[in-house]
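Single-structure report; data block below.
The values are calculated or read from the model by the stated rules, or taken from the named source; none is laboratory data. Every value quoted in this text rests on a predicted model; they were computed, and no experiment measured them. With ideal geometry, Cβ positions are generated from the backbone for all residues, glycine too; neighbour counts draw on all protein chains shown.
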Amino acid sequence: MRKLKGFSFLLICLVLVLSACSGGNSKSGNATPTPSPSPSPVSEDTATPEPSETVEETYDLGGRVIKIAAWWDLTPAGATQSDINRLAKIEEVEKKYNVKIEFVNVPFEEMVPNFTNSLLAGEPFADIVQLEYKAALPLIKKGLILPISEFTNENHNINNEANLLTKYAPLAGDYYAFDNPVSIGAGLHYNRDLFKELNLEDPKDLYERGEWTWDKFLELAKAATKDTNNDGKNDVWGFSAWSIDAYKHFAVSNGVRIVDEENLVEGLTSPGSIKTAEFLNQLYNVDKVVKVSTGDPMNWDESNTFKEGDVAMFTVAEWNLGGLNFEFGIVPIPKGPEQTTEYTYANTAASGKFIGKGVKDPELVYQIFEETFDIPMLEEYPGQDYLESIYSYEDDVTMLREHIAGTGLITVDEAFPDFPSWAFVNDVIVNQISPAAAAETHKGPAAESLTKLGQ
């Protein structure tokens with residue numbers, strides 16, 4: 001188990017020095033030396049061919065503004081050498097095409113209505129837009145978003161090496177979303193300090209032995225939930241989470257697809273989902289190993305309960321791990337008894353870049369955007385700087401890259417009007433209705449909801 005901080009900094013410095021010495025002409029960042037010509041006999045009857053020049057096609061889009069929108073500022077900050085290189089590349093691409101690239105920062109809650117209304121009016125407010133999958137699905141069903149195949153060809157990087165931009169997971173049977181290659185994913189985080197203090201077995205050891213299951217997770221959660229100061233109240237807890245998020249992660253780890261958006265089949269009330277709900281009821285209401293700070297397990301703020309430092313294990317997105325006063329680790333969500341797939345977690349907030357119907361010259365828009373990423377690669381793998389800014393230990397980064405990244409099942413149940421995921425979980429955990437009875441109540445509304453999308 002090795003910490004990363006100093007190692008990564010020295011490695012990046014070394015790469016920068018080597019890149020500077022190489023002249024930075026190679027797309028991969030590793031310049032290939034040009035061999036010096038050696039004298040060789042030339043026949044008098046053989047004409048020396050003239051060197052051929054590859055003439056790059058030029059464009060003049062008349063100063064057009066290419067807008068790329070997200071709910072955060074996508075402008076490279078210029079704080080790293082990669083940012084500096086990309087800013088220079090953007091300027092180069094702008095001159096090449098005679099365009100201006102503008103990054104538009106739109107508040108999250110305004111993105112979907114703004115984009116939808118502008119598409120329906122035939123005047124997309126941005127050429128490329130960041131959307132969550134659950135927001136994109138209704139627009140795809142209405143034919144308002146272009147599949148990647150309509151604006152790329154066999155020569156684009158995305159259809160070859162895909163190291164600049166890559167296709168994200170398919171949606172509704174085709175590829176629509178694209179973005180930078182990444183190596184992130186959601187898992188079960190754990191408080192390393194508490195595990196040491198309580199002398200609990202490291203979940204990574206259990207995972208490596210193939211023993212990381214719901215039963216082992218519950219065993220650890222029960223062992224961690226205790227009254228350490230003998231005041232009659234628990235002051236350390238086994239688990240915390242936003243309950244709807246926990247349900248979805250455990251459901252996926254138990255082989256459940258809450259909604260099959262392509263075939264319009266609901267899995268919320270399936271036997272695997274009912275078993276998942278029974279497990280959550282065990283955690284919350286039977287063994288009572290879950291800390292609920294707000295008093296309401298359905299409150300999103302329960303996503304922050306782990307920050308109090310008295311919870312052993314928790315489900316949380318990596319972006320919410322900053323500023324903690326304890327060290328943490330990560331493993332996949334424990335495997336459920338009915339798991340038959342390779343999926344380990346629910347990707348509930350999957351998002352990517354999309355191009356809407358009505359964007360002028362979508363092929364050129366995409367090409368321009370892709371070219372802005374054609375800069376020297378200074379990281380060992382995509383997203384290295386980001387991951388190592390969050391995770392302090394090498395084994396966590398390895399676990400993420402090798403066992404978690406790419407194993408998320410994208411859940412889009414929230415795209416369907418009135419789909420009762422929230423009501424189902426609330427009935428089980430808060431109202432303490434039996435999972436079987438709750439499933440029976442919500443089975444009809446779940447199926448009916450699937451017919452409403454795109455209407």
Could you pull out every one of the helices (runs of 4 or more DSSP H) wholly within segment 380-455 that has 3 or more residues that are of a type in the set (Ser, Thr, Tyr), in the same structural domain as Ala79 (by TED's automatic domain parsing) and at positive phi?
-> none
Looking at Ala88, is it farther than 30 Å from Tyr133 by Cα, small (Gly, Ala, Ser) and either at pLDDT 95 or above or in contact with a Lys or Arg (Cβ under 7 Å, 6 or more places away or on another chain) (or both)?
-> yes
Check segment 338-349 and report whether any residue there is at positive phi, in the same structural domain as His249 (by TED's automatic domain parsing) and surrounded by fewer than 15 Cβ atoms within 10 Å (Cβ to Cβ).
-> no
Does Gly272 satisfy the criteria of being touching a Lys or Arg at 6+ places or on another chain (Cβ under 6 Å) and either in the same structural domain as Ile433 (by TED's automatic domain parsing) or at pLDDT 95 or above (or both)?
-> no
What number goes with the only condition from (1) closer than 14 Å to Glu371 by Cβ; (2) small (Gly, Ala, Ser); (3) surrounded by 17 or more Cβ atoms within 10 Å (Cβ to Cβ) that Ala69 does not pass?
-> (1)
Filter segment 96-123 down to the residues that are at pLDDT below 95 and not in a helix (DSSP H, G or I), then identify the one that is surrounded by the fewest Cβ atoms within 10 Å (Cβ to Cβ).
-> Gly122
Is there any pair with a first residue in segment 98-116 that is on the phi > 0 side of the Ramachandran plot and a second that is surrounded by 13 or more Cβ atoms within 10 Å (Cβ to Cβ) whose Cβ atoms are under 9 Å apart and which are 6 or more apart or on different chains, and what are they?
-> Asn98/Tyr59; Asn98/Leu61; Asn98/Arg64
When segment 419-440 is examined, which residues are found to be in contact with a helix residue (DSSP H, G or I) (Cβ under 7 Å, 6 or more places away or on another chain) and β-branched (Val, Ile, Thr)?
-> Val425, Val428, Ile429, Ile433
Filter segment 163-179 for residues that are of a type outside the set (S, T, N, Q), without any contact (Cβ under 8 Å) to a residue 60 or more places away in the chain and touching a Pro at 6+ places or on another chain (Cβ under 7 Å) and give the result.
-> Asp174, Tyr175
Name the residue, out of Gly408, Gly444, that is small (Gly, Ala, Ser) and either over 22 Å from Ile140 (Cβ atoms) or modelled with pLDDT of 95 or more (or both).
-> Gly444
Which one is surrounded by the fewest Cβ atoms within 10 Å (Cβ to Cβ) among residues in segment 271-321 that are over 25 Å from the mean Cα position of the chain (by Cα) and free of Cβ contacts under 8 Å to residues at least 40 places away in the same chain?
-> Gly295
Only listed residue being part of a strand (DSSP E or B), touching a His at 6+ places or on another chain (Cβ under 9 Å) and either among the hydrophobic types (A, V, I, L, M, F, W, C) or under 16 Å from Ile258 (Cα atoms) (or both), chosen from Ala312, Ala346 | Ala346
